[in-house]
Every structure is written in structure tokens, then in C-alpha cells.
Amino acid sequence: QVQLVESGGGLVQAGGSLRLSCAANTDIFSGNTLAWYRQAPGKQRELVATVESSGRENYATFVRGRFTFSRDSAENAVYLTMTLLTSEDSANYYCSVVTPAGVYWGRGTQVAVDS
């Protein structure tokens, strides 16, 4: 079973940057879609970015140009580098893997942007 652990969240000033990490206990890249989601208090979970098995990346409009998805296959890890953060980016961030066996989620890492 795939296990995902996010880290790297914290408190940052508006305009600052953070790099979130998602570590897996197994290979998560072969034929799978990887994604980052976020959920702010009182709001629905929303998709931030995806990477398809082909390597194609997709970003939500509200983060395009500011957030970047990256990966380290040797470490079974994915990253989300976030720049030009605003208070609207404050949320719990989750990584997710869609595999033929099912969809797996981490527990999330909290990001708070102080304006």
C-alpha cells in the first residue's frame, strides 16, 4: 500500500516562498498521476497541480506561474515549490497518487501566509 507523508509547511510572510515535500514508501511514478491539492478552512478541497505519467504538468489558474511541481525518482518524492505567496494560499496541502489499485492521500501539511 502506498503511504505518503507531506512536509515543509509553515508560516511565511506574503510574497515569500515555501517548498513542500511529499515522500512515498514505494515507487509512485510508474504509470501514475501525481497531484497536489489544498483545502482551506470552510472550503472544499481544490486541485493545485497534477503531473501525468507522461510527464505533462497541469496547474490551476490561480497558481500558474507561481507554483512548480518537481520530482526525485530516486527518493520516491515529489515537491511543490510555491512562490509569491498570498493569504489566499493559506491551506492544508495534500499530495495524492492515482494508481490502478486506487487513490492514495497523505495527511497534509499546513501552510499559513501572513499578510
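Key figures for this structure:
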{"read-out": "Formal net charge of residues neighbouring Thr109 (Cβ-Cβ distance under 15 Å; K, R +1; D, E -1)", "value": "+2"}
{"read-out": "Accessible solvent surface per residue of the chain, calculated while the other protein chains remain in place, 1.4 angstrom probe, Å²", "value": "53"}
{"read-out": "Point-charge dipole on Cβ atoms (K/R +1, D/E -1) for the chain, about Cα centre, debye to 20", "value": "180"}
{"read-out": "Positive minus negative residues near Ala40 (Lys, Arg vs Asp, Glu; Cβ under 10 Å)", "value": "0"}
{"read-out": "Extreme residue, positive dipole direction of the chain, given options Ser7, Gln39, Ile28 (C-beta unit charges)", "value": "Gln39"}
{"read-out": "Percent carbon-and-sulfur accessible area, the chain, ignoring ligands, DNA and RNA, probe 1.4 Å", "value": "47"}
{"read-out": "Net charge, Gly10 excluded, C-beta distance under 15 Å - Lys, Arg +1, Asp, Glu -1", "value": "-1"}
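The values are calculated or read from the model by the stated rules, or taken from the named source; none is laboratory data. Keep in mind that this is a model prediction, so the values were computed, not measured. Positions of Cβ are generated from backbone atoms using ideal geometry, with glycine treated the same way; all protein chains shown enter the neighbour counts. We work out accessible area using only protein heavy atoms, side chains counted, and drop any ligands, DNA or RNA first. Shrake-Rupley method; radii C 1.70, N 1.55, O 1.52, S 1.80 Å.
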